[in-house]
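In what follows, a single structure is set out as structure tokens and then discussed.
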Amino acid sequence: MTMWIARTKTELQKHLASLPRPIVLVPTMGALHPGHSSLIDLARKHAGSEGSVLVSIFVNPIQFDKSTDLENYPRTEDEDLNICQSHGADGVFLPEPSEMYFKDLSITVTENLLSEHLCGATRPGHFDGVCTVVLKLFNLTRCDAAVFGEKDFQQLAIIQRMVRDLDLQVQIVPHATLRESDGLAMSSRNRRLTPEQRADAPRIRKALLTASSKPSAEEILSTACEIIEASTLTKIDYLTLVDAETLQPTDKITHSTILACAVFYGDVRLIDHIKTSD
Ligand code: PAF
């Protein structure tokens, strides 16, 4: 079957009218890489051969706190559509910002607890933008389930919380982080690294792996910090131990403690995390 592309809400609704359920959505911002391909594969597994897999590709302006980050976000539409097609997506929703948002957008979703720390602290408004667009995508596609990568574990936790708190009838399906052979977590932002930065970036994973086996919070943080800061190319945005459930900082090392970091290479910000008991 040929994959359809909807660029407007009206086109999307026409396609939805004849779309077999379950509908499984893979929300993305494009610049698709093998990590996204495996999200689409998982969506297909979940939908079954009778169900439908939808991919949304939308660089959501309201989740960017810096206009340069939004402008520089990679856009690779033709390649993205080929990837969706070759992984058996039934349709792609590819709207422009003007299709998604009214100029005077006055109602948005706000998260007040899980977004207090980590990326939420250093990217003000980011998760409100994510929740708002994800809720709109759920409503527009009327999906039964949606697949999200575990790499963005704070995003995943917040979306699960939004489903709980707003009684959304969408099942959230998590997918494990995919990594390059040298350990770097796959991300659309990796393609913006210079060759020198790219060669250095696996130190993030190495730092988390080495630090996570240390016995105390202090040693975990100092070990990871030392390894990341041994490079002249890195700048730590945050390096924090949090409880996996509450996402509040902690100095207690339990089976649910997560070591999370965001590291800048120039203006490219990479995130990763590890369970301290892994
Ligand atoms: O993870 C992403 O790519 C985005 O935050 C998402 C979930 C597609 C919302 O814009």
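Here residue 115 fulfils each of the conditions (1) within 20 Å of residue 5 (Cβ to Cβ); (2) among the polar types (S, T, N, Q); (3) within 13 Å of the ligand (Cβ to nearest atom) apart from (1).
Set side by side, the residues 19, 54, 42 differ, and just one is on the phi < 0 side of the Ramachandran plot, within 16 Å of the ligand (Cβ to nearest atom) and touching an Asp or Glu at 6+ places or on another chain (Cβ under 9 Å), which is 54.
The set of residues from the stretch 76-96 being within 13 Å of the ligand (Cβ to nearest atom) and either among the hydroxyl-bearing types (Ser, Thr, Tyr) or within 20 Å of residue 189 (Cβ to Cβ) (or both) comprises just one member, 80. Residues of the stretch 101-144 that are aliphatic (A, V, I, L, M) and crowded, with 18+ Cβ neighbours inside 10 Å: 109, 114, 118, 130, 133, 134, 135, 137, 140.
Within the stretch 157-171, track down each residue that is over 16 Å from the mean Cα position of the chain (by Cα) and either within 13 Å of the ligand (Cβ to nearest atom) or at negative phi (or both). Walk me through how you get there before you give the answer.
Just the residues of the stretch 157-171 that are over 16 Å from the mean Cα position of the chain (by Cα), to begin with: 163-171.
Correct list: 163, 164, 165, 166, 168, 169, 170, 171.
Test of understanding: among 137, 168, which residue is at pLDDT 95 or above, not in a helix (DSSP H, G or I) and not small (Gly, Ala, Ser)?
Numbers: 137 fails: not in a helix (DSSP H, G or I).
None of the others qualify; the one that does is 168.
Given the criterion among the hydrophobic types (A, V, I, L, M, F, W, C), touching a Pro at 6+ places or on another chain (Cβ under 8 Å) and more than 21 Å from residue 25 (Cα to Cα), identify the matching residue among 184, 137. Sole residue among the options that is among the hydrophobic types (A, V, I, L, M, F, W, C), touching a Pro at 6+ places or on another chain (Cβ under 8 Å) and more than 21 Å from residue 25 (Cα to Cα): 184. Annotation note: of 31, 17, 47, the sole residue that is modelled with pLDDT of 95 or more and in contact with a strand residue (DSSP E or B) (Cβ under 6 Å, 6 or more places away or on another chain) is 47.
When only residues in the stretch 225-249 that are of a type in the set (S, T, N, Q) and either surrounded by 16 or more Cβ atoms within 10 Å (Cβ to Cβ) or in contact (Cβ under 8 Å) with a residue 24 or more places away in the chain (or both) count, which is nearest to residue 118 (Cα to Cα)? So that I can check it myself, show each step before the final result.
Quick first cut of the stretch 225-249, residues of a type in the set (S, T, N, Q) only: 231-232, 234, 240, 246, 248.
Now restrict to residues that are either surrounded by 16 or more Cβ atoms within 10 Å (Cβ to Cβ) or in contact (Cβ under 8 Å) with a residue 24 or more places away in the chain (or both): 231, 234, 240, 246, 248.
Values: 231: 22, 234: 17, 240: 7, 246: 12, 248: 9 Å.
Ranking the qualifying residues of the stretch 225-249, first place goes to 240.
Picking from 130, 173, which residue would you name as being within 28 Å of residue 256 (Cα to Cα) and touching a His at 6+ places or on another chain (Cβ under 6 Å)? Give the derivation first.
Values: 130 fails: touching a His at 6+ places or on another chain (Cβ under 6 Å).
The match here is 173.
For the stretch 30-66, a tally of residues being of a type in the set (Ser, Thr, Tyr) and either in contact with a Cys (Cβ under 8 Å, 6 or more places away or on another chain) or surrounded by fewer than 21 Cβ atoms within 10 Å (Cβ to Cβ) (or both) returns 3.
Out of 154, 197, which single residue is away from the ligand (no atom under 16 Å from the Cβ) and polar (S, T, N, Q)?
Every option except 197 fails the conditions.
When you look at residue 136, is it without any contact (Cβ under 8 Å) to a residue 12 or more places away in the chain and either in contact with a strand residue (DSSP E or B) (Cβ under 9 Å, 6 or more places away or on another chain) or more than 30 Å from residue 250 (Cα to Cα) (or both), yes or no? It is false that residue 136 is without any contact (Cβ under 8 Å) to a residue 12 or more places away in the chain and either in contact with a strand residue (DSSP E or B) (Cβ under 9 Å, 6 or more places away or on another chain) or more than 30 Å from residue 250 (Cα to Cα) (or both). Scanning the stretch 231-248 for residues that are under 13 Å from residue 265 (Cα atoms), among the aliphatic types (A, V, I, L, M) and part of a loop (DSSP other than H, G, I, E, B) returns a single hit, 233.
Looking only at the stretch 176-188, decide whether some residue is part of a helix (DSSP H, G or I) and more than 10 Å from the ligand (Cβ to nearest atom). Lay out the reasoning, then the answer.
Residues of the stretch 176-188 that are part of a helix (DSSP H, G or I), as a first pass: 188.
Those left that are additionally more than 10 Å from the ligand (Cβ to nearest atom): none.
No: zero hits.
Matching residues to (1) farther than 16 Å from residue 101 by Cβ; (2) over 19 Å from the mean Cα position of the chain (by Cα); (3) part of a strand (DSSP E or B):
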site	(1), (2), (3)
45	yes, yes, no
49	yes, yes, no
55	yes, no, yes
65	yes, no, no
69	yes, no, no
78	yes, yes, no
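The values are calculated or read from the model by the stated rules, or taken from the named source; none is laboratory data. Keep in mind that this is a model prediction, so the values were computed, not measured. Note that we place each Cβ from the backbone using ideal geometry, even for glycine, and neighbour counts take in every protein chain shown.
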